[in-house]
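Colleague: Just dropping this structure here.
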Amino acid sequence: MNSQKISIMIPCYNEVENVELMALTVANVMNEALSNYEYEILFIDNCSEDGTRDVLERICAKDKHIKAIFNVTNFGQFNSPFHGLCQTTGDCTICMSCDFQDPVEMIPVLVENWEKGHRIVSCVKTSSKESGFIYFLRTMYYKMIKSMSSVKLIEHFTGFGLYDKTFISILRELNDPIPFLRGIVAEYGSGFNMIEIEYEQPKRRAGKTHNNFYTLYDAAMLSITSYTKIGLRLATLLGFVSAGISMLIALIYLFLKIANWNEFQAGNAPATIGIFVLGSLQLFFIGILGEYILNINTRVINRPVVVEEKRINFTDDSEDGK
């Protein structure tokens, strides 16, 4: 048997309908297609409220290959998976979702590419059976971020993929309280012989998606404030442009007033329009500036990525991933 070990890290939140079948399916793939490797399956639960934790307790008791971490509260869609990756002990770690939208049958493909020397294998969606409108919005988002950032984020990459232990060790050293894995992979991936493989994303097997406007907005703002300067630069540029336009309008208004002192009657329209335009620009960029300040504030406070409530089947303290 191969002495190397593969970790499969699966973040979950309210996945009571999926978690047991996911554990069984992954275990079957490992035992059948990759039986020459040792393995562990690590679930990190982001404070589920639907019975997911009860199921995890039960399946962990039956199979010591399955581990679990329970967070004390919901730490969001980025922190929990990042922390889970850092707690794995394998020679490589595969990160995948619990809703079966990341195909389990791709695990051998990921490992095959890793065996060829690719220390990061990123899975990129070429199409999706999710809502066409949501997929369109994601496409526009990725293209916008790629055009604004010096780090070329990978389009339609959600974090699903394989990461060698050398990359996992880098993640442990980052000390970032709001880690954005997609950006980190894009930023450092070339140094780890990264390869991208394509797949079609299937529909969620069961349960409801936890993505909504707020979570998508949160992802967009995190990537913008962490990997671009465009918001602040745009505010400065438009400030100059609007100031120039305002000055030009003021000069034209003054010229017409002088040239036709008795006939020119513009009323308060120019001033009113100017106030509304400048006011709306100010509110917009105050909001953008607030997002950057929020990002800075979170990093300065430097709270832990997550706080754990409980661990299951982490019997060896020397292999706790820390």
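Colleague: Regarding segment 13-26, can at least one residue be identified that is at pLDDT below 95 and among the small types (Gly, Ala, Ser)?
Modeller: No, there is no match, as no residue in segment 13-26 is at pLDDT below 95 and among the small types (Gly, Ala, Ser).
Colleague: Of these, Ser48, Ser97, which one is modelled with pLDDT under 95, touching a Phe, Trp or Tyr at 6+ places or on another chain (Cβ under 6 Å) and buried (at least 18 other Cβ atoms within 10 Å of the Cβ)?
Modeller: Working: Ser97 fails: touching a Phe, Trp or Tyr at 6+ places or on another chain (Cβ under 6 Å).
It is Ser48.
Colleague: Still on this model: Can you tell me which of (1) in contact with a helix residue (DSSP H, G or I) (Cβ under 6 Å, 6 or more places away or on another chain); (2) surrounded by fewer than 18 Cβ atoms within 10 Å (Cβ to Cβ) is the one Asn36 doesn't meet?
Modeller: Against the list (1) in contact with a helix residue (DSSP H, G or I) (Cβ under 6 Å, 6 or more places away or on another chain); (2) surrounded by fewer than 18 Cβ atoms within 10 Å (Cβ to Cβ), Asn36 comes up short only on (1).
Colleague: Just checking: which of the helices (runs of 4 or more DSSP H) contained wholly in segment 135-242 hold 3 or more residues that are loosely packed, with under 15 Cβ neighbours inside 10 Å and modelled with pLDDT of 70 or more?
Modeller: Where helices (runs of 4 or more DSSP H) fall fully within segment 135-242 and carry at least 3 residues being loosely packed, with under 15 Cβ neighbours inside 10 Å and modelled with pLDDT of 70 or more, they are 165-173.
The values are calculated or read from the model by the stated rules, or taken from the named source; none is laboratory data. Source: prediction; values computed, not measured. Here the Cβ is made from the backbone with ideal geometry for all residues, glycine too, and neighbour counts use every protein chain on show.
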